[in-house]
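Step one of this worksheet: look at the structure below.
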Amino acid sequence: MSKPSVTRLFIASLITAGVGAGVAIASIWTAIANDVFVMRGADIIGIQGSGLAWVLLGVALAGAITFTAGLIGGFVSWIGALLATAQLQRKTWFVSLLVLGSFNLGFLGLIAYVIAAPDSGPTTTIRSSQPAAQGVVGA
């Protein structure tokens, strides 16, 4: 996976997770504000059976699913970054991403990768337009 692909996937995943979290939180706050939940102190013990309750819970579920999709996209972008850095001559970026991801800090590693990592795209060789010499003449 190339660095531009990893970068696009990572940014899209951030946006997706942010939107999903925002939608889920907003719908739950709206549900609490409209007394959709039956409360006993600070505990939710039931749900009012109104149409608004089911709509808000459905929107919250959609937000949670969207947030989860963003997390999965972030994980896939981390794997893509690992695969891209494994192709580099020096393995510093690979080891850094692997260690940070192992300690649940892959998000920070991906931010550093997007900002500062070298591109591991396909290398091209420059070919001369002149034919190669067939032999050496002279002594």
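The values are calculated or read from the model by the stated rules, or taken from the named source; none is laboratory data. Just so we're clear, the structure is a prediction, and the values are computed from it rather than from any experiment. A quick note on method: Cβ atoms are made from the backbone with ideal geometry, for glycine too, and the neighbour counts reach across all protein chains shown. These area figures cover heavy atoms from the full protein model, side chains too; ligands, DNA and RNA do not enter into them. Shrake-Rupley method; radii C 1.70, N 1.55, O 1.52, S 1.80 Å.
Tally up the carbon and sulfur contribution to the accessible surface of the range 1-119 as a whole percent, 1.4 Å probe, everything protein left in place.
Details: 5200 of 7220 Å².
About 72 percent, which is the carbon plus sulfur part of the accessible surface.
So what is the 222 nm mean residue ellipticity for the chain from helices alone, if each DSSP H run of at least 4 adds -39500 (n - 2.57) and you divide by all residues, rounding to the nearest 500 deg cm²/dmol? Working shown, then result.
Values: 4 runs with 89 residues, N = 139.
So the helix-based figure for the chain works out to -22500 deg cm²/dmol.
Can you work out ³J(HN,Hα) from phi for every residue in the range 66-76, in order, using Karplus 6.51 cos²θ - 1.76 cosθ + 1.60 and θ = phi - 60°, giving whole Hz and x for Gly and Pro?
5, 4, 5, 4, x, 5, 5, x, x, 5, 5
For Ser13, what accessible area in Å² do you get when you roll a 1.4 Å probe over the heavy atoms of the protein chains, rounding to the nearest 10?
That residue has around 10 Å² of solvent-accessible surface.
So if R0 is 30 Å, what FRET efficiency would Leu83 and Trp29 give, r being the distance between their Cβ atoms, rounded to the nearest 0.05? Please list the in-between numbers first.
Values: r = 40 Å, r/R0 = 1.33.
Here the calculated transfer efficiency is 0.15.
Between Gly18, Gly74, Gly49, which gets the highest mean-square fluctuation from a Gaussian network model of the chain, Cα cutoff 10 Å?
Maximum among the listed residues: Gly49.
When Cα Rg over 2.2 N^0.38 Å is calculated directly from the model, which label among (i) 1.06; (ii) 1.02; (iii) 1.79 fits?
(iii)
With the crude spin-label approximation of a point 7 Å out along Cα→Cβ, what separation in nm comes out for Met39 versus Leu105?
So the label points at Met39 and Leu105 sit 3.9 nm apart.
Quick one: which residues, 5+ away or cross-chain, put their amide H under 5 Å from the amide H of Ile47? H built at 1.01 Å from N.
Amide H to amide H, under 5 Å and 5 or more residues apart or across chains, Ile47 pairs with Val38.
Using label points projected 7 Å from each Cα along Cα→Cβ, tell me how many nm separate Ser50 and Ala21, to one decimal.
Label at Ser50, label at Ala21, 3.0 nm between them.
To the nearest 20 debye, what is the magnitude of the charge dipole of the chain about its Cα centre, counting +1 on the Cβ of each Lys and Arg and -1 on the Cβ of each Asp and Glu?
Working: 6 positive and 3 negative charges, 110 e Å.
Result for the chain is approximately 520 debye, rounded to the nearest 20.
Go ahead and set up a Gaussian network model of the chain, Cα springs under 10 Å, then flag whichever of Ile65, Ile11, Ile45 fluctuates most.
Result for the chain, Cα springs under 10 Å: Ile45 fluctuates most.
Could you give the accessible area per residue of the chain, probe 1.4 Å, as a whole number in Å²? Please report the intermediate quantities before stating the final value.
Details: 9480 Å² over 139 residues.
Per residue, the chain has an accessible area of 68 Å².
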